[in-house]
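The values are calculated or read from the model by the stated rules, or taken from the named source; none is laboratory data. Computed from a predicted model, the values in this text were never measured in an experiment. Virtual Cβ from ideal backbone geometry, glycine too; neighbours counted across all protein chains shown. In case anyone asks, the SASA skips ligands and DNA or RNA and just uses the protein heavy atoms, side chains included. Shrake-Rupley method; radii C 1.70, N 1.55, O 1.52, S 1.80 Å.
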Amino acid sequence: MFAVRDEDAALDVVQDAMLKLTEKYAAKPLAELPMLFQRILQNTIHDHFRRQKVRSTWTTLLSAFGQKDDKDDDFDLLETLPARSDSNTAADPARQLEQGQIVAIIEQALARLPARQRQAFLLRYWEELDVAEAATAMGCSQGSVKTHCSRAVHALAEALKAKGVSL
């Protein structure tokens, strides 16, 4: 079993597992709850690491857009993305407009992908399904999912570069 080394993240994982247990299994006999909780906790830990891996993959893939020159060692991809509307970050209208235009370009590039590439890409990176889950959802092999995702990422990167987008 994996261990979540970050204390705050570990507490979040345990809390999520407890909520899932109470939401879905409150009517179960008390004797069954410890075993159910252990399984839910294992799955929640796996979900945590999968999400962490996906975030890391995206940061790596997209960081190439911001690293055209080595002058900006403090580049952070997350700073280029729009803040959530409920955050307390001050909004700069010019920056919001630019980010909205970039999002529109990304959406257009996604729409132009072949259907299977778009489906694999969205299942893997937006829905955060693992390869096996995406393959089941698409009714194809895991190798096909990997191929479609790889082609989609390359096509999106090329489309963004062609539009002059550098994140």
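Counting Lys and Arg as +1 and Asp and Glu as -1 over every other residue whose Cβ lies under 15 Å from the Cβ of residue 137, the net charge comes to 0. Each of residue 126 and residue 15 was given a label point 7 Å from its Cα along the Cα-to-Cβ line. The distance between the two points is 2.9 nm. When 8, 130 are compared by accessible area of protein heavy atoms, the largest-first order is 8, 130, using a 1.4 Å probe. At a probe radius of 1.4 angstrom, the accessible area of region 113-154 per residue rounds to 53 square angstrom.
Between residue 116 and residue 138, the contour length at 0.36 nm per residue exceeds the alpha carbon distance by 7.1 nm.
Summary value for region 86-147: 18 percent relative contact order, contacts being C-alpha pairs under 8 angstrom separated by 6+ residues.
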